[in-house]
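Here is the structure we will look at, set down as structure tokens.
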């Protein structure tokens with residue numbers, strides 16, 4: 001049973017540790033967020049390592065939210 005019913009974006013860095021991919025997948029499942037977004041050429045601090053890719057991902061997500 002899901003506790004939250006809000007849109008969620010779950011992402012991981014492509015170069016992060018395998019357990020973060022597993023955690024991201026589990027969180028995405030719990031939230032019903034769909035696929036986990038993977039930020040290329042980024043590790044654990046993906047938004048800091050790839051700010052433009054993170055920005056594009058976030059703006060795309062926000063742009064698809066219902067009004």
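Read the figures in this text as sums done on the coordinates, not as results from a lab. Keep in mind the model is a prediction, meaning the values are calculated, not measured.
Set against the 2.2 N^0.38 Å expectation for a compact globular protein, the chain has a Cα radius of gyration ratio of 1.13.
Taking every DSSP helix (H) stretch of at least 4 residues in the chain, weighting each as -39,500 (n - 2.57) and dividing the sum by the residue count yields a mean residue ellipticity at 222 nm of -13500 deg cm²/dmol.
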